[in-house]
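Chemist: Have a look at this one before I ask anything.
The values are calculated or read from the model by the stated rules, or taken from the named source; none is laboratory data. Everything quoted here is computed from the prediction, not taken from an experiment. Here the Cβ positions follow ideal geometry from the backbone for every residue, glycine too, while neighbour counts run over all protein chains shown.
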Amino acid sequence: MAFLLFFMLKWLEKNLPKIVLAPAVGLISWFIYGFILWTFYISFTNSKILPKYELWGVGQYVKLWKTHKWLIAVDNLLIFTVLFLIICIVIGVILAIFLDQKIRAEGVLRTVYLYPMALSFIVTGTAWKWILNPTLGIQKLFIDMGFENFTFDWLVNREMAIYTIVIAGVWQSSGFVMALFLAGLRSIDDEIVKAAKIDGASLFTVYWKILIPMMRPVFFTSFVILVHISIKSYDLIVALTQGGPGISTTMPALFMTQTAFHKSQVALSAASAIMMFMAVAAVIIPYLYSELRRENVR
Amino acid sequence: MSDNTTIASYKRLEDRSKITNLLLRWFLYFILILFASYFIFPLYVMLVTAFKTMPEIRQGNLLTWPSQLNFESWAVAWGGRGYGAGDTFLRPYFWNSIKMVVPAVFFSTFIGAMTGYVLTKWRFKGDSWVFLFLLFGCFIPYQAILLPMARTLGVLGISNSILGLVVVHSIYGIPFTTLFFRNYYVSIPNELIKAARIDGAGFFKIFFKILLPISTPIIVVTVIWQFTQIWNDFLFGATFSFGEAAPIQVALNNMVLSSTSVKEYNVDMASAIIAGFPTLIVYVLAGKYFIRGLTSGAVKG
Amino acid sequence: MIALKIQDLSKNFGSTEVLKKINLKIDEGNFLVLLGPSGCGKSTLLNIIAGLETIDEGTVFIDDYDVSKVEPKDRNIAMVFQSYALYPSMSVKENMVFGLKQAKASKEKIEEQLKKFSNFLHVDELLNRKPSQLSGGQRQRVAIGRALVREPRIFLFDEPLSNLDAKLRVEMRREIKKLHQKLKTTVVYVTHDQTEAMSLGTNIAIMNHGIIQQYDTPENIYNKPNNTFVADFIGSPPMNLISGQLVKEANKTLFIPEGSGQSNNITIKNYNFVKTQDENSKDVYFGIRPEHIHYKKTNDNDIEFNLKTDLNEYIGHEQITTFNYFNQEVLGKFPSTIKIETNKEMKLFFDLSQISIFDKKTNNRI
């Protein structure tokens, strides 16, 4: 008996690190991977309010891609992602390069550019909703400034409402891109810039021909993070438009929760969640792979 | 070329570079300040609006300064009007959020620290796969786990409760906290651990006596990151709680959406500021750490 | 002709003075080495010559023109950096011709220069590679090549060899020397390595705390150090500095080592004092290099001692022995062929023709 106890203790001691690791691995296995598998399974059933476990084939996916609202959501996601990505990166890169010029009060400016990241989308969405509202918001501001026929009703305009989400999203996230690029620029050996100066390169050439090409990994990272943010975007839309006017600003994340919790079509909702998951995975897996490879090379 | 012309050409080069430099500088500052005002504009509008009265809001525009500092909207946003049903105000939900954030931040940080410690200092075959396995959790769209999570919370009897949200946030924070601690501990020399083992320290002693005391910076980064994420979360809050157990973001959204009679923008703005205040203050006081979390969450190492 | 002249140059970073009233001149075709410990201001001085740092006071002349406010690209210089500073996104070829392209040189000219110097540096096989695919030595060659193709008036080198391993460093040092012999371009070279400085430089400026301690030929720097800093910095192991008193007696000058009690002294003869010494006694350091302490008499200037050996370090081609000289440590350097025992008396000869004497108050050579 004592013998057995001794061996148990020995075993415990030897495997202590793995035992300590177990909770994290267990929780993540169950609550992330297990749950994704569950969602995946349910997407192949015909569950309504309660999950049913008989398989029903790919019917939910067929139905999903015939659902008008989902198609609008996907369209909106594409428009939003493309604009959000391009504008955030352009603004972020410009701000980073400008801030890199030994600017007075750089710290203050950096703080100002980045503070939206510390706020929730609900808070900023509430603010933007007020700013963009067609009666007392921006429109009134411009009319007061003398532009009497100025109208700005994007928030309540079916065609334009999606762009208000872009405005608020860019406002929230471009500081983040700036921070990434600034960190990237600062990590570059300054002898390279010196060498280029002696070679006679203008400031523009230094950035365009030498530094920006060196930022390729940062572009890649920003791309991945921004796409990821845009696919997941939910709070901002809830706060700003609730998917409206009508369903004109629906996005996949909103579609998913509405289908599940308001319409009680659990299986259809699961199918949409799996579509979102696959979209994110398509971007993230190559990213993680390349990051890991880079680390192994080092 | 004679000496004089060379000197003159040097002089010309000097003058030209001086003028272009000066112009460039002005342009630079102009653009930077332009963007700064774009970023500061919503915050400014929120603040002035929150201090105005409703008639003032209707008469003026976004930028007009309040005629006097009017604190009534703040009081209404925080404590309500004092009549019973339908009177939503933030105070209880603010405390809900605090009660949710503190334990969730603590658990996720602690688990992340232990996990990061094992993954870097007690390496075993396949450990980088385990890391990748955990890391992937940073990126999954939570929509893919919402449905089973809602059911699980129901089965456990903690749906629509603060405890339920604590559990959810603790679990889904682990990938991030692990990432932070792992990247920090990788940079700490293994010789330190070897020396401690030779001196006879065991697994837990090394962690608590040697690593943890030098982990302050990364603990600060992680705590700030988790605090900001959990405080600002809306998806989990809105999905897994309603009514009295809701966190502040959900309450704020409900307040703004509830269109009882006339929209009171000043109360909305005051509420939004109250809901954003804790994270904003943390950001202003410890922005350095916040940015570090942000960038190290994105670019590893 | 004077290629580079620096006049009363001062530079501050905030409240710290990095360079204090530097004056330097270098004739065309010479190889100037700026040597000193880290933080002595040598790299700052080089950056100022390149135009990468601004000047607080003073002037830089290249070919007699004041270039103090001229942009780096217009100074007709080229620079090789410690980290090589190759542009990572460009191929070797693009790296080498980047400067010429910026200067809007013609296509033919660019091709011609590229061919000439890639050949010269044996990098023609590598032209299409990226810097990340090169070894340390190859990167160094490309960095030098990038500087060469522009055929500048002055070459600036900022610790170019310190990132290479020991063997490659010796190899590249020889190549740089050959390069200079062939091209005869003026060079300013920054290093903290005395061997590099001695072997490459025609002139060496030893710097410390933003001041030039001595500006001289390698021979003079080694044989006649200006002050104790230079004496201590050059040579390995450094010069022995024995403290004691210099006393004038009748028509003799004597050195009395500290702790020897008047009786033991060394008569100084054939020493060229910087100027005649008026005082009767003075606190000084008596400086003698380890390699000028012999184990057998070599010439008439040698005087004999019997000292106890404290420690012996055998390092292959030679051995370094520590002696106790009135409780002061004195190091000697001997061939490894002789047998030295520790804690024994040993007969030694100090070569008085090779000594230096420094004032203890000012640390300067007298």
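Chemist: When you scan the stretch A:154-187, how many residues do you find that are touching a Pro at 6+ places or on another chain (Cβ under 7 Å) and either aromatic (Phe, Trp, Tyr) or under 22 Å from B:PRO55 (Cα atoms) (or both)? First the steps, then the outcome.
Modeler: So the first thing to find is which residues in the stretch A:154-187 are touching a Pro at 6+ places or on another chain (Cβ under 7 Å), and the list is A:155-156, A:158, A:161, A:171-172, A:175.
Imposing the further condition that a residue be either aromatic (Phe, Trp, Tyr) or under 22 Å from B:PRO55 (Cα atoms) (or both) reduces the set to A:171.
The total comes to 1.
Chemist: Would you be able to tell me the number of residues in the stretch A:276-288 that are over 14 Å from the mean Cα position of the chain (by Cα) and surrounded by 21 or more Cβ atoms within 10 Å (Cβ to Cβ)?
Modeler: 0
Chemist: Right, here's the next one. In the stretch B:248-281, how many residues are facing another protein chain (nearest Cβ under 7 Å) and of a type in the set (Val, Ile, Thr)?
Modeler: Qualifying residue count, the stretch B:248-281: 2.
Chemist: A follow-up question, please. What is the residue count in the stretch B:62-91 for residues that are outside any helix (DSSP H, G or I) and either at pLDDT 80 or above or among the aliphatic types (A, V, I, L, M) (or both)? First the steps, then the outcome.
Modeler: Residues of the stretch B:62-91 that are outside any helix (DSSP H, G or I), as a first pass: B:62-71, B:80-90.
Filter once more, so that each one left must be either at pLDDT 80 or above or among the aliphatic types (A, V, I, L, M) (or both): B:62-63, B:65-71, B:85, B:89-90.
Matching residues across the stretch B:62-91 total 12.
Chemist: Here are some conditions: (1) under 17 Å from the mean Cα position of the chain (by Cα); (2) farther than 27 Å from A:THR205 by Cα. C:LEU19 meets all but one. Which one does it not meet?
Modeler: (1)
Chemist: Suppose the filter is within 25 Å of the chain's Cα centre (by Cα), surrounded by 12 or more Cβ atoms within 10 Å (Cβ to Cβ), farther than 15 Å from C:SER236 by Cα and among the aromatic types (Phe, Trp, Tyr); does C:TYR295 pass it? Steps first, please.
Modeler: Details: within 25 Å of the chain's Cα centre (by Cα): no; surrounded by 12 or more Cβ atoms within 10 Å (Cβ to Cβ): yes; farther than 15 Å from C:SER236 by Cα: yes; among the aromatic types (Phe, Trp, Tyr): yes.
No.
Chemist: If you don't mind, there's one more thing I want to ask. When you go through B:ASN70, B:ASN96 one by one, which is the residue that is among the polar types (S, T, N, Q), away from chain A (no Cβ under 12 Å) and closer than 20 Å to B:VAL168 by Cβ?
Modeler: Result: B:ASN96 is the single residue among B:ASN70, B:ASN96 that is among the polar types (S, T, N, Q), away from chain A (no Cβ under 12 Å) and closer than 20 Å to B:VAL168 by Cβ.
Chemist: Every residue in the stretch A:17-76 that is hydroxyl-bearing (Ser, Thr, Tyr) and in a helix (DSSP H, G or I), please.
Modeler: A:SER29, A:TYR33, A:THR39, A:TYR41, A:TYR61
Chemist: Could you please find all residues in the stretch A:85-113 being closer than 21 Å to A:ILE237 by Cα and buried (at least 23 other Cβ atoms within 10 Å of the Cβ)?
Modeler: Result: A:CYS88, single match.
Chemist: Looking at (1) more than 9 Å from chain B (Cβ to nearest Cβ); (2) touching a strand residue (DSSP E or B) at 6+ places or on another chain (Cβ under 9 Å), which one does A:PRO51 not meet, given that it meets all the others?
Modeler: Checking A:PRO51 against (1) more than 9 Å from chain B (Cβ to nearest Cβ); (2) touching a strand residue (DSSP E or B) at 6+ places or on another chain (Cβ under 9 Å), the one that fails is (1).
Condition check ((1) assigned to a helix (DSSP H, G or I); (2) touching a residue at least 24 places away in the same chain (Cβ under 8 Å); (3) among the polar types (S, T, N, Q)) across all residues:
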| site | (1), (2), (3) |
| --- | --- |
| A:ILE86 | yes, no, no |
| A:ILE89 | yes, yes, no |
| A:ILE131 | yes, no, no |
| A:PHE142 | yes, no, no |
| A:GLU148 | no, no, no |
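Chemist: Another question, if that's okay. Scan the stretch C:28-81 for residues that are of a type in the set (S, T, N, Q), within 23 Å of the chain's Cα centre (by Cα) and not in a loop (DSSP other than H, G, I, E, B) and jot them down.
Modeler: Matches in the stretch C:28-81: C:SER43, C:THR44, C:ASN47.
Chemist: Being modelled with pLDDT of 90 or more, under 30 Å from A:THR221 (Cβ atoms), within 13 Å of chain B (Cβ to nearest Cβ) and under 26 Å from the mean Cα position of the chain (by Cα): is that true of A:TRP38 here? Let's see the steps before the verdict.
Modeler: Numbers: modelled with pLDDT of 90 or more: yes; under 30 Å from A:THR221 (Cβ atoms): no; within 13 Å of chain B (Cβ to nearest Cβ): yes; under 26 Å from the mean Cα position of the chain (by Cα): yes.
Considered against the rule, which asks whether it is modelled with pLDDT of 90 or more, under 30 Å from A:THR221 (Cβ atoms), within 13 Å of chain B (Cβ to nearest Cβ) and under 26 Å from the mean Cα position of the chain (by Cα), A:TRP38 comes out as no.
Chemist: Another question, then. Taking the residues in the stretch C:341-361 that are among the hydroxyl-bearing types (Ser, Thr, Tyr) and touching a residue at least 40 places away in the same chain (Cβ under 8 Å) as candidates, determine which candidate is surrounded by the fewest Cβ atoms within 10 Å (Cβ to Cβ).
Modeler: Only one residue fits best here, namely C:SER353.
Chemist: Would you check which residues across the stretch A:157-204 are surrounded by fewer than 24 Cβ atoms within 10 Å (Cβ to Cβ), within 26 Å of C:TYR84 (Cβ to Cβ) and β-branched (Val, Ile, Thr) and list them?
Modeler: The answer is A:ILE188, A:ILE192, A:VAL193.
Chemist: I'd like the residue in the stretch B:40-61 that is in contact (Cβ under 8 Å) with a residue 12 or more places away in the chain and outside any helix (DSSP H, G or I) and, out of all such residues, is farthest from the other protein chains (Cβ to nearest Cβ).
Modeler: B:THR53
Chemist: Kindly evaluate A:VAL218 against the criterion of being more than 15 Å from the chain's Cα centre (by Cα), crowded, with 21+ Cβ neighbours inside 10 Å, within 14 Å of chain C (Cβ to nearest Cβ) and part of a helix (DSSP H, G or I).
Modeler: On the way: more than 15 Å from the chain's Cα centre (by Cα): yes; crowded, with 21+ Cβ neighbours inside 10 Å: yes; within 14 Å of chain C (Cβ to nearest Cβ): yes; part of a helix (DSSP H, G or I): yes.
When the stated conditions are applied, A:VAL218 passes them.
Conditions (1) buried (at least 20 other Cβ atoms within 10 Å of the Cβ); (2) of a type in the set (Val, Ile, Thr); (3) more than 18 Å from the chain's Cα centre (by Cα); (4) in a helix (DSSP H, G or I), marked per residue:
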{"residue": "B:TYR93", "(1), (2), (3), (4)": "yes, no, yes, yes"}
{"residue": "B:MET100", "(1), (2), (3), (4)": "yes, no, no, yes"}
{"residue": "B:VAL105", "(1), (2), (3), (4)": "yes, yes, no, yes"}
{"residue": "B:ILE111", "(1), (2), (3), (4)": "yes, yes, yes, yes"}
{"residue": "B:LYS125", "(1), (2), (3), (4)": "no, no, yes, no"}
{"residue": "B:PHE136", "(1), (2), (3), (4)": "no, no, yes, yes"}
{"residue": "B:ILE140", "(1), (2), (3), (4)": "yes, yes, yes, no"}
{"residue": "B:MET149", "(1), (2), (3), (4)": "yes, no, yes, yes"}
{"residue": "B:GLY154", "(1), (2), (3), (4)": "no, no, yes, yes"}
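Chemist: Moving on to the next point. Can you tell me which residue among C:LEU46, C:LEU86 is buried (at least 17 other Cβ atoms within 10 Å of the Cβ), farther than 26 Å from C:ALA3 by Cβ and within 12 Å of chain A (Cβ to nearest Cβ)?
Modeler: None of the others qualify; the one that does is C:LEU86.
Chemist: Restricting attention to the stretch A:127-183, which residues are farther than 23 Å from A:TYR234 by Cα and among the aromatic types (Phe, Trp, Tyr)?
Modeler: Matches in the stretch A:127-183: A:PHE142, A:PHE147, A:PHE150, A:PHE152, A:PHE181.
Chemist: Oh, and also: Looking at (1) among the hydrophobic types (A, V, I, L, M, F, W, C); (2) farther than 21 Å from C:LEU4 by Cα; (3) buried (at least 23 other Cβ atoms within 10 Å of the Cβ), can you tell me which one C:PHE229 breaks?
Modeler: All conditions pass for C:PHE229, except number (3).
Chemist: Specify the residue that is surrounded by the fewest Cβ atoms within 10 Å (Cβ to Cβ); the eligible residues are those in the stretch C:330-340 that are touching a residue at least 60 places away in the same chain (Cβ under 8 Å) and touching a Phe, Trp or Tyr at 6+ places or on another chain (Cβ under 9 Å).
Modeler: Initial filter on the stretch C:330-340 (touching a residue at least 60 places away in the same chain (Cβ under 8 Å)): C:330-331, C:333.
So of that shortlist, the ones also touching a Phe, Trp or Tyr at 6+ places or on another chain (Cβ under 9 Å) come out as C:330-331.
Numbers: C:VAL330: 23, C:LEU331: 20.
Only one residue fits best here, namely C:LEU331.
Chemist: Tell me whether the stretch A:143-151 contains one or more residues that are in contact with a helix residue (DSSP H, G or I) (Cβ under 8 Å, 6 or more places away or on another chain) and at pLDDT below 90.
Modeler: The answer is yes, given that some residue of the stretch A:143-151 is in contact with a helix residue (DSSP H, G or I) (Cβ under 8 Å, 6 or more places away or on another chain) and at pLDDT below 90.
Chemist: Still on this model: Sort out for me the helices (runs of 4 or more DSSP H) sitting completely within the stretch B:167-244 that have 1 or more residues that are within 30 Å of A:ALA260 (Cα to Cα) and of a type in the set (A, V, I, L, M, F, W, C).
Modeler: B:216-232, B:235-240
Chemist: From the list A:ILE89, A:ILE19, A:ILE72, A:ILE94, pick out the single residue that is within 12 Å of another protein chain (Cβ to nearest Cβ) and at pLDDT 90 or above.
Modeler: A:ILE94 is the lone residue from the list that is within 12 Å of another protein chain (Cβ to nearest Cβ) and at pLDDT 90 or above.
Chemist: Does the stretch B:113-123 hold any residues that are at the interface with chain A (Cβ under 7 Å from one of its Cβ atoms), farther than 22 Å from B:PHE227 by Cα and either assigned to a helix (DSSP H, G or I) or in contact with a Phe, Trp or Tyr (Cβ under 6 Å, 6 or more places away or on another chain) (or both), and which are they?
Modeler: In the first step, residues of the stretch B:113-123 are kept if they are at the interface with chain A (Cβ under 7 Å from one of its Cβ atoms); the result is B:114-115, B:118, B:122.
Now drop any that are not farther than 22 Å from B:PHE227 by Cα, which leaves B:118, B:122.
Across the stretch B:113-123, the qualifying residue is only B:VAL118.
Chemist: Moving on to the next point. Only one residue in C:ILE242, C:ILE234, C:ILE266 is surrounded by 19 or more Cβ atoms within 10 Å (Cβ to Cβ), at pLDDT below 90 and under 22 Å from C:GLU329 (Cβ atoms), so which one is that? Steps first, answer last, please.
Modeler: Numbers: C:ILE242 fails: at pLDDT below 90; C:ILE234 fails: at pLDDT below 90.
Selected residue: C:ILE266, the only one of C:ILE242, C:ILE234, C:ILE266 that is surrounded by 19 or more Cβ atoms within 10 Å (Cβ to Cβ), at pLDDT below 90 and under 22 Å from C:GLU329 (Cβ atoms).
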